[in-house]
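All remarks here apply to the structure that follows.
The values are calculated or read from the model by the stated rules, or taken from the named source; none is laboratory data. Predicted model, so just to flag it, every value in this text is computed and none were measured. All Cβ positions, glycine included, derive from the backbone under ideal geometry; neighbour counts span all protein chains shown.
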Amino acid sequence: MFLDMKRILVVAVLSLGLWTSCSKYGTTDAYTPSCSGTAKSYMTDVAPIISSSCGGCHGNLSSYSQLFSSRNSVRNAVVSGNMPRRSSLSTAQKDAIVCWIDTGAANN
């Protein structure tokens, strides 16, 4: 019985280690947006990024009002690098989303 519990514990610890090593959570990459230049537009700059990089998992971000309501959590996920999980955003894409949010997230 003790040996079976030990095996279960070893498998659980190894599984957890594998899962966390494949996860983007816990990354410490520092990202600071560069918001110089042209102001970002929801329709031109942000919506296409959200649609192509986030829409597959987050259908709740498919409209301006949905994204606006979630803007703080979206900003945190982009800045931390936690999203998107199965890919990554370029610096220009991150800047577009974060700078748009930081300047008021206008519906433009």
Q.
Here is a check on your reading of the model: is residue 56 within 19 Å of residue 86 (Cα to Cα), at pLDDT 80 or above and assigned to a loop (DSSP other than H, G, I, E, B)?
A. yes
(Q) Residues that are at pLDDT below 85 and either within 14 Å of the chain's Cα centre (by Cα) or not in a helix (DSSP H, G or I) (or both): does segment 31-45 have at least one? (A) yes
Q) Out of (1) surrounded by 10 or more Cβ atoms within 10 Å (Cβ to Cβ); (2) at pLDDT 95 or above, what's the single condition that is false for residue 14? A) (2)
(Q) Would you confirm, using the coordinates I've provided, whether residue 80 is out of contact with any helix residue (DSSP H, G or I) (no Cβ under 8 Å at 6 or more places or on another chain), touching a residue at least 24 places away in the same chain (Cβ under 8 Å) and surrounded by 14 or more Cβ atoms within 10 Å (Cβ to Cβ)? (A) yes
Q) Tell me, which residue of segment 91-100 that is surrounded by 12 or more Cβ atoms within 10 Å (Cβ to Cβ) and over 14 Å from the mean Cα position of the chain (by Cα) is nearest to residue 64 (Cα to Cα)? A) 100
